[in-house]
Amino acid sequence: MPALSVRVRLAPSPTGYMHVGTARTALYNYLFAKKEQGTFLVRIEDTDRERLVHDAEERLLKNLLDLHIQPDEGRVSNGKHVSEVGEYGPYIQSERLAIYRKHADDLVTEGQAYPCFCTAERLDALRKEQQVNKQAPKYDKHCLALSSEEVGERLKNKESHVIRLNVDPQAEDIIFDDLIRGEVRFQSKDIDDQVLMKSDGFPTYHLASVVDDHLMAISHVIRGEEWLPSTPKHILLYQAFDWQPPAFAHIPLLLNPGGGKLSKRQGDVAVDDFLRDGYLPEALINFLALLGWNPGAGSTQEIFTMDELVAQFDLAQVHKAGAVFDVKKLDWMNGEYIKKLSLDDLYMRLQQGSFLDKPLIAEAPQDLQGEIYIKKVLAVEQERLTRLDQVGEENPFFFTATLEYPAERLVWKKSSPEESLSELKRVLELAHSLPEGEWEHLESLEQAFLGAAGDDKGVFLWPLRVALTGAERSPSPFQVAWVLGRSNSLARLEQAIKRLS
RNA sequence: GGCCCUAUCGUCUAUCGGUUAGGACGUCAGGUUUUCAUCCUGAAAAGCGGGGUUCGACUCCCCGUAGGGCUACCA
């Protein structure tokens, strides 16, 4: 038997923003494909005409690009527009309607499926009755009993109808080996006569995904756990078509901290939200990868590049239980990634994400912004950031021309106003004496200031720091002076002395 | 209600019958420090319950319990 090439797919529905759970499903598919030197394709499942959101596909594919989970085949975005790659297209289901129609008709011809004319009202009543009788809610095959003459007549009259799969309740159990969960078994009697074609002429997910997965030669279906209960229906469909089903792997759900499927209202769940909040794509990927998977074998590695994930990923190591999405850990991880960035890269990311457009920075005086200045701020802030959107927030004095603060703040707790004033004068004198060039070097600046400080450094350093920042908390005064530069620093010192005199 | 899945610190997890049950985030304490953050050190913190199987169960099986998913002409 020839080794089947690995082909996996992400089959999102363009109904809105991209959920982080979808991103993780995409990631696992991608990692598996790369690991097996297979193909990762994206197919758009736009069969629900009511929930369709017009730019959803575009945004979704853009997010894939943002996260570096680029498809090899199918619908692909280059950031500007969407195109199709591959020979199994079209890769959007609304353009494959004739294919589904034909396959559904074939099943009807073979008696594997049948038209159903039941109204929503009758189906509702049926379900309610079954609920009361503690039975599994399923269709009662009412329309299967219709004579072929009647069916033909009603079809000819264009009566609204759907096509249902004809499931034999007497058939043997449906058993399949889930790559993550092992053997899963369902009884045929519990399986509903699933709707295959809707009355609007569009297929349901069940029909469309099975037909497409087969036609697109998908080898492994890796999808969320919420699909586990409908897998037997899909297997029945493969049997009805006399097709070989793919392997299935159902990955655990992402959960809210309070329990339940991760959802909006408990916080951000859209990939766009996280990117907008200043999470790095590689940090998000790393975090998502570890939510439900780990390299095992006693590994304690937490930080992974995409290449490392590809090399170590294994479906057998994917967890069975759901995983709570804990933003605290994401924050930590994001901070780790920010620390690893070069200053140039960090600046570039900030620019690309428009994080420097915030009023605090954009409205700062000319000499308190600009690339060189911002990079100095970043040199100081980098190790303190957990998200890109926090730039400048903790240290607004970097971007403010005039500082507002009470004079008492200049006095250190172990010192006096008189002492503080004399220390500040000493600082000013020293600052004046430092040549312009010294201000460009953090080390020499630090040496100069520290050298002037006595044994009780706070007496000297506290007033200096407050004079430069106006704040009770800030980075070290040397760093602040270095960022601000000579003239700004001198001006702030003079102002402080005036304030204390 | 029916069907299915799941179960180790608060959270993410290691362990694949024999361990002082390990790591990470978070929390707390201490250290460094002019302040905050970083950083360093340390601490507290877990096998849902009950039966089996076995010389021996966190680990295998069964029954409970709890949580989750599905139960649409949505995916």
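Numbers at a glance
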{"read-out": "Nearest-0.05 FRET efficiency for A:Val85 and A:Gln187, computed from C-beta distance (R0 56 Å)", "value": "0.85"}
{"read-out": "Residues with amide H under 5 Å from that of A:Ala113, placed H, sequence gap 5 or more", "value": "A:Val108, A:Asn166"}
{"read-out": "Neighbour-limited loop hits for GluC sites (Glu not before Pro), region A:291-400 (at most 11 other Cβ within 10 Å; DSSP other than H, G, I, E, B)", "value": "A:Glu363"}
{"read-out": "Cα centroid separation, region A:440-483 to region A:226-286 (Å)", "value": "52 Å"}
{"read-out": "Computed FRET value (nearest 0.05) for A:Lys329 with A:Leu228, which takes r as the C-beta separation and R₀ as 35 Å", "value": "0.85"}
{"read-out": "Paramagnetic reach from A:Glu58 (point 7 Å along Cα→Cβ, amide N under 16 Å) across region A:1-41", "value": "A:14-18"}
{"read-out": "Cysteines in chain A that, by Cβ-Cβ distance, have no pairing candidate under 4.7 Å", "value": "A:Cys118"}
{"read-out": "Linear extension gain, A:Arg276 paired with A:Tyr238, 0.36 nm per residue minus alpha-carbon span", "value": "9.4 nm"}
{"read-out": "Linear extension gain, A:Asp168 paired with A:Ala491, 0.36 nm per residue minus alpha-carbon span", "value": "107.6 nm"}
{"read-out": "Dipole magnitude (debye, nearest 20) for chain A, charges at Cβ of Lys, Arg, Asp, Glu", "value": "800 debye"}
{"read-out": "Proximal lysines relative to A:Lys264, as straight alpha-carbon distance under 24 Å, when same-chain residues fewer than 8 apart are discounted", "value": "A:Lys62, A:Lys320, A:Lys328, A:Lys329"}
{"read-out": "Simple spin-label estimate for A:Ala452 and A:Leu123 in nanometres, 7 Å along Cα-Cβ", "value": "8.1 nm"}
{"read-out": "In nm, spacing of pseudo-spin labels at A:Gln266 and A:Ala321 (7 Å Cα→C-beta vector)", "value": "1.5 nm"}
{"read-out": "Beta bridge orientation in chain A: antiparallel %, DSSP, nearest 5", "value": "55 percent"}
{"read-out": "Normalised contact order of region A:1-141, rounded percent, pairs of Cα under 8 Å and 6 or more residues apart", "value": "19 percent"}
{"read-out": "Most to least packed among A:461-470, A:199-208 [average Cβ atoms within 10 Å]", "value": "A:461-470, A:199-208"}
{"read-out": "Local electrostatic count, A:Ile175, Cβ distance below 11 Å [Lys/Arg +1, Asp/Glu -1]", "value": "-4"}
{"read-out": "Folded to 0 to 90 degrees: helix A:327-340 orientation relative to chain A principal axis, Cα", "value": "60 degrees"}
{"read-out": "Set of lysines with alpha-carbon distance to A:Lys134 below 29 Å, sequence-local pairs under 8 removed", "value": "A:Lys189, A:Lys198, A:Lys233, A:Lys261"}
{"read-out": "Computed lengthening from A:Glu336 to A:Gln131, 0.36 nm per intervening residue step minus Cα-Cα distance", "value": "68.5 nm"}
{"read-out": "Centre separation in Å (Cα based) which lies between region A:94-164 and region A:296-358", "value": "48 Å"}
{"read-out": "Table column - 3J(HN,Hα) (Hz), region A:45-56, Karplus curve with 6.51, -1.76, 1.60, x for Gly and Pro", "value": "9, 9, 8, 8, 6, 7, 9, 4, 10, 4, 9, 4"}
{"read-out": "DSSP-defined antiparallel bridges as percent of all bridges, region A:1-101, nearest 5", "value": "35 percent"}
{"read-out": "Charged-residue dipole, Cβ positions (Lys, Arg, Asp, Glu), region A:153-304 about Cα centre, Debye nearest 20", "value": "400 debye"}
{"read-out": "A:Asp140 versus A:Ser354: modelled label distance in nm, points set 7 Å from Cα along the beta carbon direction", "value": "5.7 nm"}
{"read-out": "Paramagnetic reach from A:Ser5 (point 7 Å along Cα→Cβ, amide N under 13 Å) across region A:18-37", "value": "A:37"}
{"read-out": "Directionally averaged shadow of chain A, computed from the convex hull of its alpha-carbon atoms, nm²", "value": "32.3 nm²"}
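Laboratory data are not the source of any read-out in this text; all were calculated from the coordinates shown. Please read all numbers here as calculations on a predicted model, not as lab measurements. With ideal geometry, Cβ positions are generated from the backbone for all residues, glycine too; neighbour counts draw on all protein chains shown.
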